[in-house]
Every structure is written in C-alpha cells, then in structure tokens.
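Student: Starting off with a structure, shown below.
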Amino acid sequence: MKKSFQSIIYIIFVIVTFIALAKSFMVYENPFDVYENPLVWLALIGFILVIVLKEMVNVIAYNKAKELQNEKDGIIPEEPNAWVKRLLKSWTKAKDVEEEEEIVLDHNYDGIRELDNSLPPWWVYMFYATILFAVVYLVRFHVLDGDTQTMEYTKAVAEAKVALKKYKQNAPEDLITAENVTLLTDTKDLGRGKAVFNLNCASCHLKDGGGAIGPNLTDDYWILGGGIKNVFTTVSNGGRDGKGMIAWNKTLKTADIAKVSSYVISLQGSTPAKAKAPQGEIWTEKE
C-alpha cells in the first residue's frame, strides 16, 4: 500500500511538472534560447535529475534486495560492477581472450595475428546518424533552399539595425548621437549648456563666443559646418587633426554635448565685445 501511494505521488509529480515546463516553454518566443529563459532550463535540468536519481535509488534498492535474497538462497553474487562490463561488451561486441580463436584470421606476420572483430555498435550507430544528418542537411539546404549561415547572419544583422534605430529614437539622453540629436531651445537646457561652455570652452572661444585661440562662434562662418548635427559631431569628435579642438566625448556626457552644442548655436547673431575675424565658409541650413 505504501509503495503504491509513493508511485502515485511520483507519477502525479512527473505529469504536473512536465505540463508546467511545457507551458513555460510556450510563453517564450524562442523557447530553446537558454539566455532568454534560464530559469526554465534550470527547472528542466532539475526535473531530469530528480527522475534519474529516483531511478538510481530504485536500481540500488533492487540490487540490494537481490543480494540479500541471494545470500539467503546460497547463490554466489556477481562481481562488483558486473553490469558495467556487460554494458561495455554489448556496445563493443568484443570477444573475451578465451574466445579469440573463433575470429582469428589465417594470415600470420612475424607472429602477429589479426582478429576479425566486428565493428562496435556505438560506431555503427554514429555512422548511421551521420548518414541521416547528411540526408536532412541535403533536403534542408539544397532541395528546399534553406537559409545558409551567411543568409541567417545577414538577416539577423538587418533586424538588429532596425531594432537599434527604433531604440535610438526613444533612447535616453546618454545614447544621443549625431543622427538623432535635436536642437534644444529650453531655457534649462541652454543654461546647462552655457555652464558647460564657460567651464570647458570659454578659454579658447571667450565667454561671449567672440573667439580667441578658437574661432568666432557668433558669425555665420563655420570651419566644419554649422547646424546642430555638425556642431555636435565637432564637439564630440574634435576639430581638425593636429590643429583643431580636442574630442570631448571622453570627458562630457552626450547629453551635455547636445546642450553645449545647442548653446553654441544660440550665440549666432549676438554681438561679442571683441569679435575674431571670420574663419571657414558661410554655412546655411539645408531643407
């Protein structure tokens, strides 16, 4: 009665756990992706381990009971790990030394004789598996024109680019780039941009933007182009090699670069105390 109750509980556990795991896998878009649902995979591994351990306990208990029964009946028990030897023999078809005369071949070379051993079953089954794999591969990729690794990679990259572009459109401030930066006109943003400018840029451009070592920022002339995208790129990546401004992308956050760039553009048309001569070319915003 006790064993029957335990068996019923075990069967219910296996069925319920299997259904729960199956439903858990169905929730995910890629159910076999370990990184997407690691907890489900851990639960599956634990479930398998429980079943394996249960069966091992049953086998050990059965063998122990059999040994006790054999002792009572006066039967000599098998040597330890005899089942391992039987398993290896069934998977290799190896002949014992006493039986090698049955498979020895006729030819003899300097006392060395060859045995006509059968191919091990494990090797044969693996060979059959490779044939089956080759057939499936042939049909999948050469008959049905399935995607190759290169095609799958190209599609994955294209999908990733679309997802990245969509993400950047709604990205937080720290992910602002020259492609998605916009001109800021809010007083608070320009105030922050002015503070960054006075701290980092005024030494070369003067506080009013009239220009000193750096060019005048109040006129319509630009060395590397005007507009928020060009100014953002220049501040982020630096000016001309060897003679221009340093790159600030290692010092300033992208949000602050966007704000100081917007502040620089707001200086256009103002009247500095001492304006430096124009440098570069006149730049106008294209439609």
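The values are calculated or read from the model by the stated rules, or taken from the named source; none is laboratory data. The model shown is predicted, which means the values in this text are computed figures rather than measured ones. Note that each Cβ is placed from the backbone with ideal geometry, even for glycine, and that neighbours are counted across all protein chains shown. Side chains are part of the model used for accessible areas, which takes the heavy atoms of the whole protein and leaves out ligands, DNA and RNA. Shrake-Rupley method; radii C 1.70, N 1.55, O 1.52, S 1.80 Å.
Student: Please compute the modelled spin-label separation between Thr271 and Leu183, points set 7 Å along Cα→Cβ, answer in nm with one decimal.
Tutor: 2.3 nm
Student: What whole-number distance in Å separates the alpha-carbon centres of the stretch 131-196 and the stretch 220-287?
Tutor: So the two Cα centres are separated by 29 Å.
Student: List the residues, sorted by chain then number, that are 5 or more residues from Val104 or on another chain and whose placed amide H is less than 5 Å from its amide H.
Tutor: Asp116
Student: Starting with the highest mean, order 107-115, 277-285 by the number of other Cβ atoms within 10 Å, averaged over the residues of each peptide.
Tutor: Numbers: 107-115: 8.4, 277-285: 11.6.
Top to bottom by mean Cβ count within 10 Å: 277-285, 107-115.
Student: When all protein chains stay in place, what accessible area (Å², nearest 10, 1.4 Å probe) is found for Glu159?
Tutor: Number for this one is 130 Å².
Student: Also, I was wondering about something else. Could you pull out every residue, at least 5 positions away or on a different chain, whose amide H is within less than 5 Å of the one on Gly239? Hs are placed 1.01 Å off N in the peptide plane, and Pro or chain starts have none.
Tutor: Residues meeting the amide H criterion: Met245, Ile246.
Student: Residue by residue through the stretch 257-265, what is 3J(HN,Hα) from phi via Karplus (6.51 cos²θ - 1.76 cosθ + 1.60, θ = phi - 60°)? Round to whole Hz and write x for glycine and proline.
Tutor: After applying 6.51 cos²θ - 1.76 cosθ + 1.60, I find 5, 5, 6, 6, 5, 5, 5, 4, 5 Hz.
Student: A further question on this structure: First check a/c for the stretch 209-284, with a ≥ b ≥ c the square roots of the eigenvalues of its C-alpha gyration tensor; if it is under 1.5, answer rounded, and if not, answer prolate when a/b is larger than b/c or oblate otherwise.
Tutor: Details: a/c = 1.66, a/b = 1.39, b/c = 1.19.
Since a/c reaches 1.5 and a/b is larger than b/c, the shape of the stretch 209-284 is classed as prolate.
Student: Here is a follow-up. Run a plain Debye calculation on the stretch 134-285 (Cα atoms as equal point scatterers, no solvent) and give log10 I(q)/I(0) at q = 0.15, 0.19 Å⁻¹, rounded to two decimals, same order as the q list.
Tutor: Those come out to -0.78, -1.13, one per q.
Student: Kindly state, to the nearest 0.05, the FRET efficiency for Ile282 paired with Asp147, given R0 = 51 Å and r defined as their beta-carbon distance. Walk me through the intermediate numbers first.
Tutor: On the way: r = 52 Å, r/R0 = 1.02.
Efficiency for this residue pair is about 0.45.
Student: Projected onto the charge dipole of the stretch 136-287 (+1 at Lys/Arg Cβ, -1 at Asp/Glu Cβ, origin at the Cα centre), which of Thr148, Ala195, Thr254 gives the Cα projection farthest towards the positive end?
Tutor: Ala195
Student: Short version: ³J(HN,Hα) in whole Hz for each residue of the stretch 229-244, in order, from phi by Karplus 6.51 cos²θ - 1.76 cosθ + 1.60 (θ = phi - 60°), x for Gly and Pro, what are they?
Tutor: Calculated HN-Hα couplings, in order: 5, 5, 5, 4, 5, 5, 5, 5, 9, x, x, 5, 4, x, 9, x Hz.
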